[in-house]
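Asker: What follows is a structure written as structure tokens; I'll ask about it next.
The values are calculated or read from the model by the stated rules, or taken from the named source; none is laboratory data. None of the values given here were measured: they were computed from a predicted structure. Note that we place each Cβ from the backbone using ideal geometry, even for glycine, and neighbour counts take in every protein chain shown. Just the protein is used for accessible areas: all its heavy atoms, side chains included, with ligands, DNA and RNA removed. Shrake-Rupley method; radii C 1.70, N 1.55, O 1.52, S 1.80 Å.
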Amino acid sequence: MPQIKQKVSYREAKLQNWGNSKAVRLTKDILEEAGFDEAEDTLLDVVIEPNRISLVRKSKLTPFQKLFVGYKGEKPETEALWDEAEPIGKEEW
């Protein structure tokens, strides 16, 4: 499957004091380009690496729900491996 290239753009933002913390203001056009709705509050995961902080939209699915993404309720296929296996020793199939 060929990889789909995604548009990547780079912008400059300023890290500023905000009380006892630091803050980065994201402009409306940056949020729109990234696919965020300005009227909606959004939970983000903060990924911290040396010299990099990434903000990623938090998934609304629980880890258990993620296991079933794409599942349509069909019965899983049986594995042919067990049908082809020959007994070793005194097993009986």
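Asker: For the chain, what Kirkwood radius comes out of the mean inverse Cα-Cα distance, in Å?
Answerer: Here the Kirkwood hydrodynamic radius works out to 19.3 Å.
Asker: Relative contact order, percent, of the chain when contacts are C-alpha pairs under 8 Å separated by at least 6 residues?
Answerer: With pairs under 8 Å counted, the relative contact order is 10 percent.
Asker: A follow-up question, please. Going through the cross-link list LYS14/LYS66; LYS22/LYS66; LYS7/LYS72; LYS28/LYS60; LYS28/LYS66; LYS7/LYS58, which pairs have a Cα-Cα distance over 26 Å in this structure?
Answerer: Flagged as over cut-off: LYS14/LYS66; LYS22/LYS66; LYS7/LYS72; LYS28/LYS66.
Asker: Can you give me the accessible area per residue for segment 16-65, using a 1.4 Å probe, in Å²?
Answerer: Using a 1.4 Å probe on heavy atoms only, each residue of segment 16-65 averages 95 Å².
Asker: Can I ask one more? DSSP loop trypsin sites (Lys or Arg not before Pro) in segment 21-93 with at most 16 other Cβ atoms within 10 Å of their Cβ, which ones?
Answerer: ARG25, LYS58, LYS60, LYS72, LYS90
Asker: A further question follows. Carbon and sulfur: what percent of the chain's accessible surface (1.4 Å probe)?
Answerer: Taking all protein chains in place, the chain shows 55 percent carbon and sulfur surface.
Asker: Over the residues of segment 13-65, compute the C-alpha Rg and express it relative to 2.2 N^0.38 Å.
Answerer: 1.35
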